[in-house]
There are 2 protein chains.
Amino acid sequence: MNSFNIEFFGYFAAILTTVAFLPQLIKTLKTKKADDVSLVTLIMFILGVGFWIVYGYEISSFPILIANVITFTLNLFILISKIYYARKY
Amino acid sequence: MNSFNIEFFGYFAAILTTVAFLPQLIKTLKTKKADDVSLVTLIMFILGVGFWIVYGYEISSFPILIANVITFTLNLFILISKIYYARKY
């Protein structure tokens with residue numbers, strides 16, 4: 001495979017694994033609950049993505065940085081929504 | 001930051017964002033449901049992680065390859081469990 005195609009796979013992978021969390025956030029806001037979503041998973045994942053941001057910054061990788069900032073933000077909103085709805089309803 | 005510390009952040013990030021999905025799988029198997037977990041998120045995420053595996057293989061990156069194979073497997077089990085319990089109960 002030539003390097004153009006390889007990079008294409010990388011970018012496509014990054015877009016999918018980033019945007020993937022948008023439907024989860026929309027679902028949570030619509031149904032006003034996320035009881036089945038694991039709190040431990042969310043916290044570990046957000047923490048891990050936070051470390052990816054530090055890593056991306058340190059190695060000056062803009063794709064790693066931007067993808068993980070979006071993933072971090074989306075999952076933080078999912079976590080906040082989960083906790084908010086669990087207390088409210 | 002020296003390169004040892006930078007690599008440490010990378011490995012720590014990779015471990016956290018990989019192992020993070022284990023509590024979700026355990027929770028789903030225990031509660032026998034994952035209705036609040038978005039199906040679209042799971043499918044997009046698994047597809048994206050699949051592309052990360054191709055990317056990791058093509059650029060011969062063992063850390064990317066191994067981390068994504070584990071993430072792929074865990075999320076595939078979460079998806080299968082979600083569909084199975086939704087049909088059964």
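The values are calculated or read from the model by the stated rules, or taken from the named source; none is laboratory data. Just so it is clear, the model here is predicted, and its values are computed rather than measured. No Cβ is skipped: glycine too gets one built from the backbone with ideal geometry, and neighbour counts run over all protein chains shown. Please note that ligands, DNA and RNA were not included when accessible areas were found on the heavy atoms of the full protein model with its side chains. Shrake-Rupley method; radii C 1.70, N 1.55, O 1.52, S 1.80 Å.
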Give the stretch A:1-24 a look and list any residue that's over 16 Å from A:Pro63 (Cβ atoms), assigned to a helix (DSSP H, G or I) and open to solvent by 20 Å² or more (accessible area, probe 1.4 Å), or say none. A:Asn5, A:Leu22, A:Pro23
Can you say whether B:Tyr89 is more than 17 Å from the chain's Cα centre (by Cα), more than 21 Å from A:Val49 (Cβ to Cβ) and open to solvent by less than 70 Å² (accessible area, probe 1.4 Å), as far as the supplied structure shows? no
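Got a number for residues in the stretch A:1-18 being within 7 Å of another protein chain (Cβ to nearest Cβ) and in contact (Cβ under 8 Å) with a residue 40 or more places away in the chain?
Total satisfying the criteria: 2.
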Those residues of the stretch A:51-74 which are open to solvent by less than 70 Å² (accessible area, probe 1.4 Å) and facing chain B (nearest Cβ under 8 Å) amount to A:Phe51, A:Trp52, A:Val54, A:Tyr55, A:Glu58
Do we have any residue at all in the stretch B:40-48 that's under 23 Å from A:Phe51 (Cα atoms), open to solvent by 40 Å² or more (accessible area, probe 1.4 Å) and among the polar types (S, T, N, Q)? no
Counted residues in the stretch B:30-50 being more than 8 Å from every other protein chain (Cβ to nearest Cβ) and among the acidic types (Asp, Glu) come to 0
